[in-house]
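Scroll down for the structure; my scribbles are underneath it.
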Amino acid sequence: EHKFWATQPVPQLGEGPPLEDGYIEPSKPREEVRQDAYPLPKDFEWTTIDVNDPGQCKEVYDLLSLNYVEDDDATFRFKYSAQFLEWALKPPGYHKEWHVGVRVKSNRKLVAFISGVPVKLRVRNHQFIAAEINYLCVHKKLRSRRLAPVLIKEVTRQVHLKGVFQAIYTGGVIIPTPVSTCQYYHRSLNVAKLVEVKFSFVPRNMTLARMIRSNKLPDQTSLPGIREMEEKDVPQVAALLSRYFERFDAVPMYSKEEVAHQFLIGKGKGDMDRPNPWRRDGQVTWAYVVENPETKKITDFFSFYSLPSTIINNPAHSTLEAAYLYYYATDVALTPRAEEQGTLKQRLQDLIGDALIVARNANFDVFNALTMMDNSPMLNPLKFGKGDGLLNFYLYNWRTAPLLPNKVGVVMV
Ligand code: EN5
């Protein structure tokens, strides 16, 4: 069935949970890693994408905007912006060799891509450096030519050459073997447009006007002390997140530099010594903190990112503006007792409720979230509805028992 995956160090389907967590195949010294690139069909050649070159970023953008992930009936297709890709592919410590492309030899056209970025993960009680693999894309005209397995093997080789032997990745489809599966949920912000483009629908015994009314949000955020995250907040946000992450069984372990990258760079407030390529109107991430007015301590944090989708074949609207819930944390009510009383749930509802308002005010059409982290209990109260998409989480060369969605704390953008 899965010819390629049967050859890879991943748990095979129906294998059953492992007795112990750990690697599937051992690491090897650099010299023992294959030194030459895997062969490609004769008309193609490998290329390393230089994401510091705007021209090459644009080539990846062009490839993905026409050939990347679509929903099940091909109404929408992800449209990652060039700024988004530059942000996602350049975290602290990134390796240019992990940005792998395939070109047509004759005209140098980019026709396939796969990427990895390094991340330190904790999975249950083990910590390791992994590659976050993302943006695997093969041009539509070259599908079913078995290019994806070669791309995966080549990026794996490049990852091995840097001494990394584990990876994490997600997919809408099932391959051997998900460590967890989350559902997409959607909160309408612009009901009329969502219905017009068939993202949403008016149920029988409902009217558009009634739907608009029931999805109305307050004009302004509700939490006292809420404001945009700034550079000076990085140490406190890093500490808040790492404490909050103790609740989950698969999480990134971010340094302060990584927190600054994940939450400030995409806002356009990164390295102040260098000219900043991120425009406010090309903003990728939104990050907010709640500062206690008396103590000046940061008690809560949330973030979301912008990932528009092309609306395929719609004459009136070309783009769906979607915000995706990213990381969040609170230190309010983190005790088991408070959790039992529902204080944590209420706080998160207020926090993410404010995220919806910020997103609506920034003109997003919809706010998306998965059933991961502590999201599930707040989705219904905040008027999210179940989507038709699933997201499967995978680990490469690491065995662990399946994780419940509410134990997953890694968000892949
Ligand atoms: C990267 N490593 O299927 C892998 N999106 O629900 C990425 N559905 O937008 C893999 N089909 O349900 C990504 N509207 C996998 C996801 C691929 C994209 C995808 C789904 C997620 C989606 C929408 C549109 C469906 C159109 C028909 C959807 C219903 C929303 C409605 C709002 C109001 C309340 C009820 C639900």
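The values are calculated or read from the model by the stated rules, or taken from the named source; none is laboratory data. Just so it is clear, the structure is predicted and the values come from calculations on it, not from any experiment. Don't worry about glycine lacking a Cβ; one is built from the backbone with ideal geometry, like all the others, and counts go over all protein chains shown. Just so you know, the surface numbers come from the protein's heavy atoms only, side chains and all, with ligands and any DNA or RNA stripped out. Shrake-Rupley method; radii C 1.70, N 1.55, O 1.52, S 1.80 Å.
Could you count how many residues in the stretch 181-218 are in contact (Cβ under 8 Å) with a residue 40 or more places away in the chain, open to solvent by 60 Å² or more (accessible area, probe 1.4 Å) and farther than 17 Å from Val366 by Cβ?
Going through the stretch 181-218 one residue at a time, the tally reaches 1.
Can you pull out the residues in the stretch 363-396 that are open to solvent by 40 Å² or more (accessible area, probe 1.4 Å) and away from the ligand (no atom under 13 Å from the Cβ)?
As a first pass, look at the stretch 363-396 and keep what is open to solvent by 40 Å² or more (accessible area, probe 1.4 Å): 363, 376-377, 380-381, 383, 386, 388, 390.
Correct list: Asn363, Ser376, Pro377, Pro381.
Being crowded, with 17+ Cβ neighbours inside 10 Å and more than 13 Å from the ligand (Cβ to nearest atom) is the filter here; which residues of the stretch 48-64 pass it? Steps first, please.
So in the stretch 48-64, the residues crowded, with 17+ Cβ neighbours inside 10 Å come out as 49, 51, 56-57, 59-61, 63-64.
Ile49, Val51, Gln56, Cys57, Glu59, Val60, Tyr61, Leu63 - these are the residues of the stretch 48-64 that are crowded, with 17+ Cβ neighbours inside 10 Å and more than 13 Å from the ligand (Cβ to nearest atom).
Anything in the stretch 77-111 that is open to solvent by 10 Å² or more (accessible area, probe 1.4 Å), under 28 Å from Gly282 (Cα atoms) and of a type in the set (Gly, Ala, Ser)? List them, or say none.
Ser81, Ala82, Ala88, Gly93 - these are the residues of the stretch 77-111 that are open to solvent by 10 Å² or more (accessible area, probe 1.4 Å), under 28 Å from Gly282 (Cα atoms) and of a type in the set (Gly, Ala, Ser).
Here is a list of conditions, (1) assigned to a loop (DSSP other than H, G, I, E, B); (2) closer than 27 Å to Val123 by Cβ; (3) more than 16 Å from the ligand (Cβ to nearest atom), and Ala6 meets all of them except one; can you say which number that is?
The failed condition is (1).
Quick one: which residue in Leu189, Leu142, Leu151 is within 30 Å of Glu321 (Cα to Cα) and within 16 Å of the ligand (Cβ to nearest atom)?
Testing whether each residue is within 30 Å of Glu321 (Cα to Cα) and within 16 Å of the ligand (Cβ to nearest atom) leaves just Leu189.
On the basis of being within 16 Å of the ligand (Cβ to nearest atom), in contact with a strand residue (DSSP E or B) (Cβ under 7 Å, 6 or more places away or on another chain) and within 22 Å of Arg399 (Cα to Cα), does Val164 make the cut? Full working, then the answer.
Values: within 16 Å of the ligand (Cβ to nearest atom): no; in contact with a strand residue (DSSP E or B) (Cβ under 7 Å, 6 or more places away or on another chain): yes; within 22 Å of Arg399 (Cα to Cα): yes.
Against the criterion (within 16 Å of the ligand (Cβ to nearest atom), in contact with a strand residue (DSSP E or B) (Cβ under 7 Å, 6 or more places away or on another chain) and within 22 Å of Arg399 (Cα to Cα)), Val164 does not qualify.
Looking at (1) at pLDDT 95 or above; (2) away from the ligand (no atom under 16 Å from the Cβ); (3) surrounded by fewer than 12 Cβ atoms within 10 Å (Cβ to Cβ), which one does Glu15 not meet, given that it meets all the others?
(1)
Could we say that Leu85 is within 16 Å of the ligand (Cβ to nearest atom), closer than 21 Å to Val173 by Cβ and not in a loop (DSSP other than H, G, I, E, B) here? Quick ask: steps written out before the conclusion?
Numbers: within 16 Å of the ligand (Cβ to nearest atom): yes; closer than 21 Å to Val173 by Cβ: no; not in a loop (DSSP other than H, G, I, E, B): yes.
No, not satisfied.
Please go through the stretch 169-178 and give me each residue that is open to solvent by less than 20 Å² (accessible area, probe 1.4 Å) and either more than 12 Å from the ligand (Cβ to nearest atom) or part of a loop (DSSP other than H, G, I, E, B) (or both), ordered by number.
First, the residues of the stretch 169-178 that are open to solvent by less than 20 Å² (accessible area, probe 1.4 Å): 171, 176.
If the condition is that a residue be open to solvent by less than 20 Å² (accessible area, probe 1.4 Å) and either more than 12 Å from the ligand (Cβ to nearest atom) or part of a loop (DSSP other than H, G, I, E, B) (or both), then Pro176 is the only one that fits.
When the stretch 224-245 is examined, which residues are found to be within 19 Å of Ile352 (Cβ to Cβ) and surrounded by fewer than 18 Cβ atoms within 10 Å (Cβ to Cβ)?
Within the stretch 224-245, Pro224, Gly225, Arg227, Glu228, Arg243 qualify.
When Ser65 is evaluated against the numbered criteria (1) within 30 Å of Asp388 (Cα to Cα); (2) part of a loop (DSSP other than H, G, I, E, B), which criterion, by number, is the only one it fails?
(2)
Just the residues that are part of a loop (DSSP other than H, G, I, E, B), of a type in the set (A, V, I, L, M) and in contact with a strand residue (DSSP E or B) (Cβ under 7 Å, 6 or more places away or on another chain), please, taken from the stretch 179-220. Give the steps one after another, and end with the answer.
Residues of the stretch 179-220 part of a loop (DSSP other than H, G, I, E, B): 179, 189-190, 197-207, 215-220.
Add one more test, that the residue is of a type in the set (A, V, I, L, M), and what stays is 179, 189, 197, 202, 206, 217.
Correct list: Val179, Leu189, Val197.
Just the residues that are under 28 Å from the mean Cα position of the chain (by Cα) and hydrophobic (A, V, I, L, M, F, W, C), please, taken from the stretch 206-223.
Those that are under 28 Å from the mean Cα position of the chain (by Cα) and hydrophobic (A, V, I, L, M, F, W, C): Leu217, Leu223.
What are the residues in the stretch 295-310 that are β-branched (Val, Ile, Thr) and open to solvent by 20 Å² or more (accessible area, probe 1.4 Å), if any?
The initial filter retains those residues of the stretch 295-310 that are β-branched (Val, Ile, Thr), namely 295, 298-299, 310.
Thr295, Thr299, Thr310, listed by residue number.
Restricting to the stretch 314-347, what's the tally of residues that are farther than 16 Å from Arg243 by Cβ, in contact (Cβ under 8 Å) with a residue 40 or more places away in the chain and open to solvent by 50 Å² or more (accessible area, probe 1.4 Å)? So that I can check it myself, show each step before the final result.
Pass one, the stretch 314-347, residues farther than 16 Å from Arg243 by Cβ: 314-326, 337, 340-343, 345-346.
After this cut, where a residue has to be in contact (Cβ under 8 Å) with a residue 40 or more places away in the chain as well, the list is 314, 316-317, 319-326.
Imposing the further condition that a residue be open to solvent by 50 Å² or more (accessible area, probe 1.4 Å) reduces the set to 316, 321.
Of the residues in that region, 2 qualify.
Filter the strands (runs of 3 or more DSSP E) completely within the stretch 98-168 down to those with at least 2 residues that are among the polar types (S, T, N, Q).
On the way: elements: 99-104, 110-123, 126-138.
Where strands (runs of 3 or more DSSP E) fall fully within the stretch 98-168 and carry at least 2 residues being among the polar types (S, T, N, Q), they are 126-138.
Provide a single number: the residues in the stretch 112-125 that are surrounded by 21 or more Cβ atoms within 10 Å (Cβ to Cβ), of a type in the set (Val, Ile, Thr) and in contact with a helix residue (DSSP H, G or I) (Cβ under 7 Å, 6 or more places away or on another chain).
Qualifying residue count, the stretch 112-125: 1.
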